[in-house]
1. Search segment 119-174 for residues being among the β-branched types (Val, Ile, Thr) and surrounded by fewer than 24 Cβ atoms within 10 Å (Cβ to Cβ), and hand back the single one that is farthest from residue 100 (Cα to Cα).
2. Which residues, taken from segment 315-333, are in a helix (DSSP H, G or I) and either surrounded by fewer than 18 Cβ atoms within 10 Å (Cβ to Cβ) or assigned by TED's automatic domain parsing to the domain that holds residue 171 (or both)?
3. Just to be sure I understand, how many residues within segment 244-259 are outside any helix (DSSP H, G or I) and surrounded by fewer than 21 Cβ atoms within 10 Å (Cβ to Cβ)?
4. Quick check on residue 303: is it modelled with pLDDT of 95 or more and either in contact with a strand residue (DSSP E or B) (Cβ under 7 Å, 6 or more places away or on another chain) or crowded, with 19+ Cβ neighbours inside 10 Å (or both)?
5. Which of the following residues is in contact (Cβ under 8 Å) with a residue 12 or more places away in the chain and in contact with a His (Cβ under 9 Å, 6 or more places away or on another chain): 186, 166, 170?
6. Of all residues in segment 101-133, which are under 23 Å from residue 41 (Cα atoms) and either β-branched (Val, Ile, Thr) or in a loop (DSSP other than H, G, I, E, B) (or both)?
7. So, in segment 26-36, how many residues would count as being out of contact with any Leu (no Cβ under 9 Å at 6 or more places or on another chain) and not charged (D, E, K, R)?
8. Given the conditions (1) surrounded by fewer than 18 Cβ atoms within 10 Å (Cβ to Cβ); (2) of a type in the set (Lys, Arg); (3) within 20 Å of residue 254 (Cα to Cα), and given that residue 114 satisfies all but one, which numbered condition is not satisfied?
Amino acid sequence: MPARPSAPALIAYATALLTRVGLDADKASVVADILVEGDLLGHTTHGLALLAPYLAALENGGMTKTGEPRVIADWPAAVTWDGQRLPGPWLVVRALDLAVARAKINGTCTVVIRRSHHLACLAAYLQRVTAQGFMVLLSCSDPFVASVAPHGGRTAVYTPNPLAAAWPTAGEPVILDVSMSITTNALTNRLTKEQRRYPGLWAIDAEGRPSDDPAVLSAKPPGALLPLGGLDHGHKGYAFALLVETLTGALAGHGRADPAEGWGASVFIQVLSPALFGGADEFRRQTEYLAATCRATPPRPGVERVRLPGENGLRRRADQLAHGVDLYPGILAALVPWSDKLGVRALPETSVT
């Protein structure tokens with residue numbers, strides 16, 4: 001069985017494909033890095049599994065290949081961009097760099113982006129901020145896709161609307177990346193393709209009946225995903241989803257009230273510098289105390305120990321950096337036609353999860 005490919009090899013392969021399809025070289029390297037980072041953290045539906053559809057979007061004009069975002073508003077601690085459908089990973093990394101630089105001066109900086117393309121895995125961006133001692137919040141919605149029903153409803157209105165955040169402690173950062181629906185569109189598509197079921201009643205069909213069949217979302221008429229919290233407590237996920245919609249589309253001034261443009265994203269980014277609030281040392285004293293207290297909590301029966309959000313992903317990342325990336329089945333195979341088409345040597349399928 002072939003050895004697992006290394007993260008640098010996967011980044012180089014993805015960069016070559018993106019560049020050959022016409023994406024600017026600087027953008028291609030950032031997109032490739034973020035996609036592979038998603039796989040390193042274990043988000044296999046939001047890593048290199050997205051590369052083939054990204055290549056298709058670049059080829060058909062759905063994703064812009066070159067250029068810069070257009071500045072809509074620019075204040076010392078608040079910036080708004082029109083992303084002009086440029087690659088989401090490149091836009092977000094650029095925005096994070098800007099937000100960190102301004103947070104060093106102002107204590108905080110918020111960047112909102114309208115008309116970005118898809119962002120991939122939100123958790124993949126966060127350590128570049130926490131490594132500098134800052135706290136970060138990142139969220140997005142797709143204003144032209146609807147797959148989640150509001151609590152009590154049976155028709156899709158909005159997207160899973162993930163909310164991610166991270167902050168430093170004295171040790172590893174705490175990292176969270178949570179959708180405001182009970183599952184994601186990407187996992188739904190994967191399970192449908194593989195003719196598998198959800199592990200619970202995560203969706204409703206067009207009549208509003210709970211279902212564990214992901215295929216109800218692609219039925220005619222379509223069903224919908226349930227909000228985070230499901231049938232019993234979905235009012236919580238519904239409320240948070242509306243918050244994400246407001247932080248993204250409403251603040252950016254472009255969202256569901258506008259004509260559809262295709263697969264994309266509205267984005268909210270906020271960076272906070274603890275040094276300009278209560279102080280960096282005091283911040284870490286508090287976050288580390290809480291982290292240590294949670295870890296020391298006696299586990300309930302059947303649980304080995306209490307972990308912090310993101311801890312498993314960081315363990316997986318370290319292992320895969322050392323031993324190669326254990327890609328989900330079929331990801332590299334899906335890229336072979338693109339390798340042949342673009343003249344880039346394909347990587348062999350490897351051991352799989």
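The values are calculated or read from the model by the stated rules, or taken from the named source; none is laboratory data. Nothing here was measured: the structure is a model prediction, and the numbers come from that model. Note: ideal-geometry Cβ built from the backbone for every residue, glycine included; neighbour counts use all protein chains shown.
1. Step one: of segment 119-174, the residues among the β-branched types (Val, Ile, Thr) are 129-130, 136, 145, 148, 155, 157, 159, 169, 174.
If we keep only those that are surrounded by fewer than 24 Cβ atoms within 10 Å (Cβ to Cβ) too, we end up with 130, 145, 155, 157, 169, 174.
Values: 130: 10, 145: 31, 155: 39, 157: 34, 169: 18, 174: 18 Å.
Per the stated criteria, the residue is 155.
2. Listed by number, the residues that qualify are 315, 316, 318, 319, 321, 322, 323, 333.
3. Applying the first criterion (outside any helix (DSSP H, G or I)) to segment 244-259 yields 253-259.
Now narrow it down to the ones that are surrounded by fewer than 21 Cβ atoms within 10 Å (Cβ to Cβ): 253, 255-259.
Final tally of qualifying residues: 6.
4. Details: modelled with pLDDT of 95 or more: yes; either in contact with a strand residue (DSSP E or B) (Cβ under 7 Å, 6 or more places away or on another chain) or crowded, with 19+ Cβ neighbours inside 10 Å (or both): no.
The answer is no for residue 303.
5. On the way: 166 fails: in contact with a His (Cβ under 9 Å, 6 or more places away or on another chain); 170 fails: in contact with a His (Cβ under 9 Å, 6 or more places away or on another chain).
The unique qualifying residue is 186.
6. Start the filter on segment 101-133 by keeping residues that are under 23 Å from residue 41 (Cα atoms), which leaves 117-133.
Matches in segment 101-133: 117, 118, 119, 120, 121, 126, 129, 130, 131, 132, 133.
7. Start the filter on segment 26-36 by keeping residues that are out of contact with any Leu (no Cβ under 9 Å at 6 or more places or on another chain), which leaves 26, 30, 33.
Those still in the list that are not charged (D, E, K, R) too: 30.
So the answer is 1.
8. (1)
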